[in-house]
Amino acid sequence: MTISRVLCAVTAALAIPAAAAPAVQAAPAPASDRPVHYVVAADESASLDPTDVDREREAVGAIAVSEPSNRSTLEVLGFASAEKEGQTAVDKVCPARALDALARAKTADCARQLRRREQSEGAGTDFIEVIRQAVADLRTAPDTDPRVLFLMTDGVLEVKDSLKYRNLDARTAQDAAEKDLADALAEAAAARVQIWPLGFGKADEEALKKMADAGYRAGCANLKDARPRPHMAVDPQQISGALQDAFATARCYYREEGGSKRPPGELAVRISPLATEGTIVVEKGDPAVTVKYYDPRGRRVDPGTRDADSTYAFTGQGTATESLRITRPLPGSWRVALDAPEGHRDKAASVSVLWHGAVRSTISLSEYAPAPGAKVEMRVPILTREESVPDPRDLRGITVTGTLTGKGIDRPVPFALAGDGHGRFAGTVTVPRQASGALMFTSTVSAVGLQPDVRSQPAAIFTAGRAVEAALALGGAELHPGDTHEAQLTVTNTDTKPHTLTLAFADTKATGLTLTPRHVTVGPGAEAHRTTVKLTVGDHLGFRVRTDPTALGGKIVVTDDTGVVLDDQLLDVVSVSRKSNPLKWIVAGAALLLLLAAAFYGLRLYTRRRAARPRGTLVLEDPWGRELATHPVLDGRAGWYRFDVEDDGDSPRVRRSAQGEWAMRRTPEGDVQLRRGAEESVTVRPGEGASAGADLVLKVVDGTPSPPPDTWSPYASEVGHPDL
C-alpha cells in the first residue's frame, strides 16, 4: 500500500468522530490471483557439466508446477555467446505462454532443449544479450503485473571472444562489455523487470548482487527480504532448490524443505496454520516415480478428493517434477509416499512446500484519551485463521510497525513493536505536544509470505472537563461452549446528567459470544459504579473448537454516548475448548477393562493349554532305580502321547508309536497321567514311578536327565545294588 493511500485513509478517518470498532483496510487480492510474468534464463556455456544442465532443466520444471496462477506466463531462454557470423548468444528454448494445465505439463519436455554448447558454437557467458532479450519479451506484459527474470549461471561475464568485441583489445573489450551490461540493467529497471540471479560453480556472488541491485528493486511486498538478491547453490544438486527459494521470495511465499531420499520411502513437510494456500513440490528425478499424498489426519488425497474446506489441484504427474496445490490446507505434517519400479530407484527424490498465508490482529491502547506528550502503549496480538496463537516457528520474519497521525501532527509518527515470542507485539509512542484533537493509531503486520494485516484505531486528545471514565477488568479464563465468565465494569460519572455506555466486540471471529448487559446507564455523580458484565460462550463460535484451549481473538470495547472509546480489553486472556465427554471416557475405560480381562483370560487359557502339552523325558528303571532307557517326548501338540515299552530281555526301551499300548499326557498343574491300554489312567508327580511290567518302572521327568556318574569298580556287581 502506498503512503498516499494511507494518508487518504487517515484523512477520511479524521473527518468522522472516533468509533468503537477499529478500521480494517481492504485486503488486496490473494497472492495466487495476481499473475506474474517470468523469464528463466539458463546458462549454456561450455564451462557447465552435464549434471549442471540436468539440474537447470529440473529447476525450470519446478517453477512451472509451483506457480499458483494460471494467468502467469513463463518463457525459457538459454544463453552463452555469439562468436561467429550466424551465431546468436540467446536460444529461445520455450516461448512465453500462460501456465495453464497443458503448458505446465509441457514445460518440462520443452526445457529438455537446454544444452551445453560446444566451443565452436559460441560458449562464453553473455549476460548482456540475454538480459536485453528478456526485457524486450517482458515489456509486452501488462504494466500492472510483476515482471521477473531468473538468471542461472555458473560463471562471470565472459565475452572476450564475442563477435561484437572482436576488434578490441582485452582491456577495452571488458570495459565496453561492463558498460553494455550496466546499460542493459538500466533498461531492465526502467521496464520494471526484477532480476533474481542464481549462481553455482564459479559464479561471483558479489557481481550477481550488483546485477540484482541494478534491476527493478520493488518486490512483491515493501519489505527488505522481498527485494531481488542473488541465491547461491553450493553444488549442482542444490540448483533447483536455490531457484525455488528465489521464486518463493519473488512471489512472496514461504518455502520449507522436507528432505530427500530414494524411493521407495516416505518424506514429510509441515504446512503452517497461517497458510491460506500451499503447494507441495516433489522433484522425483525420474518420471517413473509415483507419489501418494496424506494429510495430517492420515487421509490420502487423490485427484478426486473433495471436502468442504479445501480444494486440491495436481500438476505434473507422470513428469520428473509434480506438485499438489491446496487452498485452505489442513495445518500440520503432510506425508509424501514415494514408490518406483525396479530400475528407477537410483535417484533421490526431494520434497518442499511453498505457502502463502494470513494472520488476524487487533489494536489495544493503554490510553484512549492521552494528553499531549504522554506515552501510549499499543498492543497487537496475532492469531491464525484458525483462531489460535501462532507457533514460534510461524512468527519468524514477522514484523509489526505502528504509526500515529492526527490533528496537529505534521507528519506520521512511526514506531516499532517488539514480540514476546507468543504472538503478542507491543510498542510505545509519545504523543506529539502539538497534537490537539482526533488521533489515529495504525498497525501493520507484515512478512514475506504473509498478506499484510493493517488495523487502525481512533482515539482523541484528552480535554478538560471530561465527565465519564470507565475501566473494564476481564481476567483470564478457560471456557467451554455454554459457559459464562464474569467481568467487572467500573464507571465514574461527574456529569450532572446520566450517561449510557455500550460494550461491543471488535476484530473477533467468535460469532457466538454475547455480553450481558450490552448497555450500562450510570447516573449523575456516580463514583466507581461497578457493574458485573457476563461474557457467554455460545455453542457455535464461527470456528472449530478443539479439545486444546484456543485463545479468543479481538477485544471488548467500551464507548460512551458519542461513540468515543473509554477502555478496551483484549480477549486473548480467555480461551475456549471443547468439553470432554465423560461418557466417552467411561466407555473407553470399560472397553479397556474388557480388553484387559480378555487378554488375562486368553493368557491363562494359553498357559493352561501349554502346560497340558506332553513334554519331558520318559525313563525306564529297574526296581533298584538303575536307569535302563530314556526317551525324550518331542511332540509339542496337546493330547495323549502314545508309545510302547519293549522288553526284549537285557535291553528294554521306549519307542514312539501312533497305536502304542501306552499313552502319556500332562495336566494343567504339571502332573503326569499314564495309561496302559484300556486301563484307567494313573496320575503321578514328575519323577514318581509307575509299574511298567515285571521288574520295570516307568517315570516322567522334566527336562533331560543327566547321565549317571562313572561308578566303575572291580566289584561292579555290587555297585548300587541294595541287597548286596
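Things worth noting here:
- Length released on extending from residue 486 to residue 100, taking residue separation times 0.36 nm less the Cα-Cα span: 133.4 nm
- Taken one residue at a time, the phi angles of the range 618-626 give Karplus couplings (6.51, -1.76, 1.60, θ = phi - 60°) of 7, 10, 9, 10, 8, x, 8, x, 6 Hz. Gly and Pro are set to x.
- A simple rule links phi to the HN-Hα coupling: the Karplus curve 6.51 cos²θ - 1.76 cosθ + 1.60 with θ = phi - 60°, which for the range 446-461 gives 8, 5, 5, x, 10, 6, x, 10, 10, 10, 10, 10, x, 8, 7, 5 Hz, with x for Gly and Pro.
- Extension gain for residue 464 to residue 261 (0.36 nm times residue separation, less C-alpha to C-alpha distance): 65.9 nm.
- For the chain, the longest principal axis of the C-alpha atoms and the axis of helix 582-612 are separated by about 30°.
- Burial ranking of peptide ranges 654-665, 368-379 (average Cβ count within 10 Å, highest at the top): 368-379, 654-665
- Relative to the longest principal axis of the Cα atoms of the chain, the long axis of helix 205-214 lies at roughly 40 degrees.
- Between the amide H of residue 566 and those of 558, 559, 560, distances stay under 5 Å, these residues lying 5 or more places away or on another chain, with hydrogens modeled in the peptide plane.
- Relative to the dominant Cα principal axis of the chain, helix 3-14 is inclined by about 80°.
- Distance between the range 670-704 and the range 645-659 - C-alpha centres, whole angstrom: 15 Å
- Of 261/284; 534/555; 164/209; 509/555, those spanning more than 21 Å from alpha-carbon to alpha-carbon: 164/209
- Two-site label geometry, residue 143 and residue 534: point separation in nm, points 7 Å out along Cα→Cβ: 6.2 nm
- Residues listed by number, the range 327-355, amide nitrogen under 14 Å from residue 294 label point at 7 Å toward C-beta: 333-339
- Label-to-label distance, residue 377 versus residue 327, with points set 7 angstrom from Cα along the beta-carbon direction: 4.2 nm.
- Rounded to whole numbers, the Karplus 3J(HN,Hα) couplings from phi for the range 91-107 are 9, 7, 7, 10, x, 5, 8, 5, 8, 7, 4, 5, 5, 4, 5, 7, 4 Hz, using 6.51 cos²θ - 1.76 cosθ + 1.60 with θ = phi - 60°, and x at Gly and Pro.
- Computed FRET value (nearest 0.05) for residue 640 with residue 600, which takes r as the C-beta separation and R₀ as 30 Å: 0.55
- Calculated from the structure at hand, Kirkwood radius over Cα pairs in Å is found among [x] 28.3; [y] 33.1; [z] 34.6 as [y].
- Per DSSP, loop trypsin sites (Lys or Arg not before Pro) in the range 416-460 with at most 10 further Cβ within 10 Å: none
- With the highest mean first, a sort of the peptides 666-679, 299-312, 354-367 on other beta-carbon atoms found within 10 angstrom per residue produces 354-367, 666-679, 299-312.
- With both residues required to sit in the chain, DSSP beta bridges show an antiparallel share near 85%.
No value in this document is a laboratory result; all are computed from the given coordinates. From a predicted model like this one, the values you see are computed outputs, not experimental measurements. Positions of Cβ are backbone-derived with ideal geometry, glycine not excepted, and every protein chain shown enters the neighbour counts.
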